[in-house]
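First up is the structure itself, then whatever we jot down about it.
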Amino acid sequence: MSHRRRSRAAGSPPGDAGPAPTPEKSGRIQPRAVLGSDRRVLALALAFRAANALLVRTYFNPDEHWQCLEVAHRVAFGYGHLTWEWKRGLRSYLHPLIFAALYKILALLHLDTPWVMVMAPRLLQSVFAAFGDLYLYKFSKLIFNGQVAQWALFSQLVNWFMFFCITRTLSNSLETVLTVAGLYYWFTAIESSKATSIVSKQHAVCEQSASSRKVALLIAALSCAIRPTSAVTWLYVGLLDFIQMKSKCRFVLLDVIPIGAIVLAVTTLLDWWMFGSRVIVPLNFLKFNLFSSGGDYYGTHVFHWYFTQGFPSMIWTFLPFAMYGIVKSREWRLSGLIAWVLGVYSILGHKEFSIDVLRLLLSCHVTTQGQKSAWEKKPFKVATFCYSSCHNQCSHVLIYVLIPSKGNRRCYVLFVKRSP
């Protein structure tokens, strides 16, 4: 191997070091990895998330019904209850219309039976979640290598909170998928712009970088349209790259403004049509949640809640491995993104579990060295997310207390109230 590398280096033109080795060509992974191609990853994710959607039968958050399915049912069939958020124009119809279209298709095909109407939205969300898993794999592979990507995907699939939430029809779930897909295309543009190549390929590299960045901007705009809080993530990502960008005016005038204006115009016209009045949802959302602290009505937490309670409970036993991965990878851009998102969310009084923050950590900072010992816990984690999803949303605490007990050691049992 070393002889071949010296031969290639000797055959290179003087002063040209050749293209920088990508993680996939670094020799750290095999050509035929365990998971193989992206199609195999997608097939695995589709099967897994379909089973995930069928297994999850517990109740978690009213928003998955009242902010999505109930609204979609009203749009599709003309009746359904609208909560006060819709009367004040705090929510966009972009997300519920996806499931309203699904309801209409089921009705036209005479498949609108009660069981199908209940499970079809979750199965559709499982398809979105599967593509999110695929882009998580591709993103980790782009930033690190294929081996780390496999462990990141494994960590994603066996994480109890992801299994519990990602197939629910929450706007956070779709926002999470769009965020990871957008990050993949954004970092693809960054890596393409940094790539060194011969003069004949420089134009192709620039075109790939420009197209990937535009796709990333489009996905980011759609994510912000579904949930305006997604702007917190993209503000950090955009500013970090904008500082190092040479053609700043070109980027703002030809990329950001046109794409943002088109998405904003389309979603605004859609909301005007659905609400029957001139409503600007992002503005109303900011007024209520940021300027008037309306979310505090649903409860407040201390400023450090995300760092000391919310985030550790979501990531659970992966926390020490993730912390090790952050230090080991030294990918400070992503570490800064996680700290930024958690910090901004901590400013708000009302706090809640957020799967988009969790996915960032699982997809970016799971290293091979840190996850080798996690493989031994796979059967326990499978039992954990199956039980917590089918019977009780708090049972992961009970499971992890009981499993380590052996022999005559004292076993601590936490009795919890069963979910509806």
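The values are calculated or read from the model by the stated rules, or taken from the named source; none is laboratory data. Keep in mind it's a predicted model, so treat the numbers as computed, not measured. Every residue, glycine among them, receives a Cβ derived from its backbone with ideal geometry; neighbour counts consider all protein chains shown. Note: accessible area is taken over every heavy atom of the protein model, side chains too, but ligands, DNA and RNA are not part of it. Shrake-Rupley method; radii C 1.70, N 1.55, O 1.52, S 1.80 Å.
Could you say whether any residue in the stretch 274-282 is loosely packed, with under 13 Cβ neighbours inside 10 Å and part of a helix (DSSP H, G or I)?
no
Residue-wise test of (1) crowded, with 19+ Cβ neighbours inside 10 Å; (2) in contact with a Leu (Cβ under 8 Å, 6 or more places away or on another chain).
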{"site": "LEU124", "(1), (2)": "no, yes"}
{"site": "ASP133", "(1), (2)": "yes, yes"}
{"site": "PHE144", "(1), (2)": "yes, no"}
{"site": "PHE163", "(1), (2)": "yes, yes"}
{"site": "TYR184", "(1), (2)": "yes, yes"}
- Query: Among the residues of the stretch 310-334, how many are open to solvent by less than 20 Å² (accessible area, probe 1.4 Å) and without any contact (Cβ under 8 Å) to a residue 40 or more places away in the chain?
  - Reply: 0
- Taking the stretch 79-99 and the residues there that are in a helix (DSSP H, G or I) and under 23 Å from the mean Cα position of the chain (by Cα), the one that is surrounded by the most Cβ atoms within 10 Å (Cβ to Cβ) would be PRO96
- Return the only residue of ALA76, ALA51 being without any contact (Cβ under 8 Å) to a residue 60 or more places away in the chain and either open to solvent by less than 40 Å² (accessible area, probe 1.4 Å) or hydroxyl-bearing (Ser, Thr, Tyr) (or both). ALA76
- Message: I need a count of the residues in the stretch 102-122 that are open to solvent by less than 60 Å² (accessible area, probe 1.4 Å) and of a type in the set (A, V, I, L, M).
- Response: 7
- Message: So ALA152 passes all but one of these: (1) closer than 17 Å to VAL177 by Cβ; (2) at pLDDT 95 or above; (3) small (Gly, Ala, Ser). Which condition number does it fail?
- Response: (2)
- Scan the stretch 203-212 and give yes if some residue there is of a type in the set (D, E, K, R), loosely packed, with under 13 Cβ neighbours inside 10 Å and out of contact with any His (no Cβ under 9 Å at 6 or more places or on another chain), otherwise no. yes
